[in-house]
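*Asks:* Take a look at this one; I'll ask things after.
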Amino acid sequence: MPKSPLIVSRALGSLAPARWGALPTRLALAGLLALFAVGCGKEEERRTLEPIQLGMTKGMNPTFESDEESMYEVKKAVAFPIRAPSADEQAALNGSPVAPYPSKPWLLASDLDVQVSWTITNLDEETHNVELLIDPWNEFGRYWPGASITDVQAAEQTPNLSGYDVLMELPGTKSGRTSRKHGLLTHQDMRELSIDFATAMNILATAPPPDPTLEAEDNPTTGNINHAFAVENRSDKDLLIKHLIPQTIAGLTGFDVGLRTYEEANVAIEILVEIVDKGSGKVVQRDENDPLMPEPTQFITAGNAPAY
């Protein structure tokens, strides 16, 4: 394990616990998209990214394997077209650090609205349980959940939550039911994801040194971060986490999208990302050539289990 609680190698997997999620209907999706269109003012500019596809296939090597189970996972990076600050702009930001960040954020959550629609398709005849994972980025790093030790003696691990983590049953092609499901992460959902990530960073930055008398499974830092990311816990109503939310929320600069199963499967996802620049001028439009912010290389995690 790395000594720093904030950084973890890419080799560390992300094994998030399964949770069943309610999926919006086509009518609800249409209504939300209509609201999205109406909400764009004259000073706002919308950028729709090219559709992004990701698939997993039977025969791939498991990401994690034990005597009791095998886990299969695929991930793909999705970067937002965010203008990079100039050298002078970055220098000014560096001179004004804002907790929990090492500098004042270039991009704030209030600078943009993000909406993500997705379609997951089961290509197999048999039904599969499929987990949709979305892990946020900001300019200071990307979240990589990892896993936490729950029983030192038995060497058992508990998976940590992804930023957005929903398990769904995906019927097979011969089940008589649709083998395709659709969903939407609204502006509010993605704003919540940016708040949760900022909260996780604040929890890690302010966590006391580990108590050597406590077992790893009793670590409150990991518990608080998992609680913050749980989709059912909204930050504006969560009394447990509310005092840990920083005043400044860095905006999302992208995310890692993933699929996970616990059996071999042929499954695919397509996502469509729409970004609205709310007057900041930091979302690069298709006909512009401004330098873009690079993909973050610092990995932020609550995991303390060995890499797998």
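*Asks:* On the given criteria, is L132 within 16 Å of D256 (Cα to Cα) and touching a residue at least 24 places away in the same chain (Cβ under 8 Å)? Can you show your working first?
*Replies:* On the way: within 16 Å of D256 (Cα to Cα): yes; touching a residue at least 24 places away in the same chain (Cβ under 8 Å): yes.
It is true that L132 is within 16 Å of D256 (Cα to Cα) and touching a residue at least 24 places away in the same chain (Cβ under 8 Å).
*Asks:* Could you tell me whether the range 89-100 includes any residue that is aliphatic (A, V, I, L, M), closer than 18 Å to L292 by Cβ and over 21 Å from the mean Cα position of the chain (by Cα)? Quick ask: steps written out before the conclusion?
*Replies:* Residues of the range 89-100 aliphatic (A, V, I, L, M): 91-93, 98-99.
Now narrow it down to the ones that are closer than 18 Å to L292 by Cβ: 93.
Now narrow it down to the ones that are over 21 Å from the mean Cα position of the chain (by Cα): 93.
For the range 89-100, residues aliphatic (A, V, I, L, M), closer than 18 Å to L292 by Cβ and over 21 Å from the mean Cα position of the chain (by Cα): present.
*Asks:* All but one of (1) within 27 Å of E232 (Cα to Cα); (2) out of contact with any strand residue (DSSP E or B) (no Cβ under 7 Å at 6 or more places or on another chain); (3) modelled with pLDDT of 95 or more hold for T25, so report the exception by its number.
*Replies:* Every listed condition holds for T25 apart from (3).
*Asks:* Would a scan of the range 44-65 turn up a residue that is at pLDDT below 85 and assigned to a helix (DSSP H, G or I)?
*Replies:* no
*Asks:* I'd like to check something: does the range 278-295 contain any residue that is more than 30 Å from E125 (Cα to Cα), out of contact with any Gly (no Cβ under 6 Å at 6 or more places or on another chain) and not in a loop (DSSP other than H, G, I, E, B)? Full working, then the answer.
*Replies:* Residues of the range 278-295 more than 30 Å from E125 (Cα to Cα): 278-295.
Next, from what is left, pick out any that are out of contact with any Gly (no Cβ under 6 Å at 6 or more places or on another chain): 278-295.
Filter again for not in a loop (DSSP other than H, G, I, E, B), leaving 283, 292.
Looking through the range 278-295, at least one residue is more than 30 Å from E125 (Cα to Cα), out of contact with any Gly (no Cβ under 6 Å at 6 or more places or on another chain) and not in a loop (DSSP other than H, G, I, E, B).
*Asks:* Considering S175, S96, which residue is touching a Lys or Arg at 6+ places or on another chain (Cβ under 6 Å), at pLDDT below 95 and in a loop (DSSP other than H, G, I, E, B)?
*Replies:* On the way: S175 fails: touching a Lys or Arg at 6+ places or on another chain (Cβ under 6 Å).
Only one candidate passes the filter, namely S96.
*Asks:* Considering (1) polar (S, T, N, Q); (2) outside any loop (DSSP other than H, G, I, E, B); (3) modelled with pLDDT of 90 or more, say which one T222 fails and leave the rest.
*Replies:* All conditions are met except number (3).
Yes/no matrix, rows are residues, columns are (1) at pLDDT below 95; (2) surrounded by 15 or more Cβ atoms within 10 Å (Cβ to Cβ); (3) within 17 Å of the chain's Cα centre (by Cα):
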{"residue": "H243", "(1), (2), (3)": "yes, no, no"}
{"residue": "I249", "(1), (2), (3)": "no, yes, yes"}
{"residue": "T253", "(1), (2), (3)": "no, yes, yes"}
{"residue": "D256", "(1), (2), (3)": "no, yes, yes"}
{"residue": "T261", "(1), (2), (3)": "no, yes, no"}
{"residue": "A268", "(1), (2), (3)": "no, yes, no"}
{"residue": "S280", "(1), (2), (3)": "no, yes, no"}
{"residue": "V284", "(1), (2), (3)": "no, yes, no"}
{"residue": "N289", "(1), (2), (3)": "yes, no, no"}
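*Asks:* If a residue must be farther than 19 Å from V166 by Cβ, of a type outside the set (A, V, I, L, M, F, W, C) and in a helix (DSSP H, G or I), how many such residues does the range 226-255 contain? Steps first, please.
*Replies:* Step one: of the range 226-255, the residues farther than 19 Å from V166 by Cβ are 236-237, 239-251, 253-254.
Those still in the list that are of a type outside the set (A, V, I, L, M, F, W, C) too: 236-237, 242-243, 246-248, 251, 253-254.
Checking the rest, the ones that are also in a helix (DSSP H, G or I) come to 236-237, 242-243.
The number of residues fulfilling the criteria is 4.
*Asks:* In the range 178-214, which residues are among the hydrophobic types (A, V, I, L, M, F, W, C), surrounded by fewer than 16 Cβ atoms within 10 Å (Cβ to Cβ) and assigned to a loop (DSSP other than H, G, I, E, B)? I'd like the intermediate steps shown before the answer.
*Replies:* Within the range 178-214, the first condition is being among the hydrophobic types (A, V, I, L, M, F, W, C), and the residues that meet it are 184-185, 190, 193, 195, 197-198, 200-201, 203-205, 207, 214.
Okay, now just the ones that are also surrounded by fewer than 16 Cβ atoms within 10 Å (Cβ to Cβ), so 205, 214.
L214 - this is the single residue of the range 178-214 that is among the hydrophobic types (A, V, I, L, M, F, W, C), surrounded by fewer than 16 Cβ atoms within 10 Å (Cβ to Cβ) and assigned to a loop (DSSP other than H, G, I, E, B).
The values are calculated or read from the model by the stated rules, or taken from the named source; none is laboratory data. Not measured: the values here are computed from a predicted model. Reconstructed Cβ throughout: ideal geometry from the backbone, glycine too, with neighbour counts over all protein chains shown.
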